[in-house]
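See structure below.
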Amino acid sequence: MRKKSLSLLFVSIILLSFSIPEQPIKVYLIGDSTMAEKQVKAFPEAGWGMPFKHFFDSSVIVCNHAQNGRSTRTFLEENRWKPVVGSLKPGDYVFIQFGHNDEVKTKKSYTPEKEFRQNLIKYVRETKAKKANPILLTPVARRKFDTSGKIEETHAIYSAIVREVATELKVPLIDLDRKSQSLLQELGPENSKFLFNHLRPGEHPNYPEGKEDDTHFNELGARKTAQLVLTEIKSLNLDLAARIVKK
């Protein structure tokens, strides 16, 4: 009997040693230029998704599908969503951040409010259907101050829609618009420039004539914005929070 027990123990140990390793969680980012990876020719412009991927342990793989100039509508029309949803596994995450390009009526990417809402709902429902986790984010704030030095809201209508959809569908919300507004207000009109792609003529070979961009981040701004997102992941008590290794 003792020999049989020892044999079973030995077999169990052998089986455990050959157990299939746990599959990593994938975090998919879908959105616009403020989140996207940048080509070298655009540096020092950076999307917050670039540093974001370096804050997790090896059990997390960040797949950044965000693209410059895309809206909820054009991301669908260009067939960028299909490969994402087709790859989703139970337990994966999809971070959904649009609005910058949806709200501008003069852009080809313009998406009316009703359609914007419908597209967000589509992303959420199709993510849930794959037993993955949708996370909605309001669009990150633009750097715009009034004459008294108070930050101005630039995404009021479309951010409100994101909040409403999150409430309606019971989806975790990261209110990046409000959080980034608070950060910009804390820094003020002058110091907040250090987060954006503001360059003097001749300062960088990619922008020989200089650049004053209050929408797109430099590397510091991208990192600070990624840290806002990470803080909210912890505040929401997402399972993903336990996999953050630095902030």
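None of the figures in this text is laboratory data; all of them are computed from the coordinates on show. The structure presented is a predicted model; accordingly, all values stated were derived computationally and were not measured. With ideal geometry, Cβ positions are generated from the backbone for all residues, glycine too; neighbour counts draw on all protein chains shown.
Quick notes on this one:
- Debye, to nearest 20: dipole size of the stretch 109-169, +1 on Lys, Arg Cβ, -1 on Asp, Glu Cβ: 300 debye
- C-alpha long axis of helix 2-17 to longest principal axis of the chain, angle in °: 20 degrees
- Counted charge near LEU184, where neighbours are those whose Cβ lies closer than 12 Å (Asp, Glu -1; Lys, Arg +1): +2
- Between the helical axis of 176-191 and the longest alpha-carbon principal axis of the chain there is an angle of about 50 degrees.
- Over the stretch 26-157, all Cα pairs binned in 5 Å intervals from 0 give whole-percent P(r) values of 2, 10, 19, 22, 20, 14, 8, 4, 1, 0, listed from short to long.
- Of all DSSP beta bridges confined to the chain, the antiparallel ones make up roughly 30%.
- The stretch 102-247, relative contact order [Cα under 8 Å, separation at least 6], %: 18 percent
- Computed lengthening from THR167 to ALA241, 0.36 nm per intervening residue step minus Cα-Cα distance: 24.5 nm
- Axis of helix 113-129 versus longest Cα principal axis of the chain: the two differ by about 10°, to the nearest ten degrees.
- With both labels modelled 7 Å from their Cα along Cα-to-Cβ, the ILE157 to GLU77 distance reads 1.8 nm.
- Distance between the modelled labels on THR231 and ARG178, one decimal in nanometres: 1.4 nm (7 Å Cα→Cβ projection).
- Measuring max minus min along each principal axis, the C-alpha atoms of the stretch 91-172 give extents of 48, 26, 19 Å (largest first).
- Peptides 41-48, 198-205, 153-160 ranked from most to least packed, by the mean per-residue count of other Cβ atoms within 10 Å: 41-48, 153-160, 198-205.
- Residue-count net charge about ALA36 - beta-carbon cut-off 11 Å; Lys, Arg +1, Asp, Glu -1: -1
- Selected from ASP213, ASP175, ASP92 as most flexible by GNM, with the chain as the system and alpha-carbon contacts under 10 Å: ASP213
- SER109 sits among other residues whose Cβ lies under 11 Å from its own Cβ, and their net charge, with Lys and Arg +1 and Asp and Glu -1, is 0.
- Within the stretch 26-57: backbone nitrogen closer than 19 Å to the LYS108 label point (7 Å, Cα to C-beta): 31-34
- Size of electric dipole in the chain: Cβ of Lys, Arg +1 and of Asp, Glu -1, about Cα centre, debye, nearest 20: 1240 debye
- Kirkwood radius, the stretch 93-247, all distinct C-alpha pairs, inverse of mean reciprocal distance: 16.9 Å.
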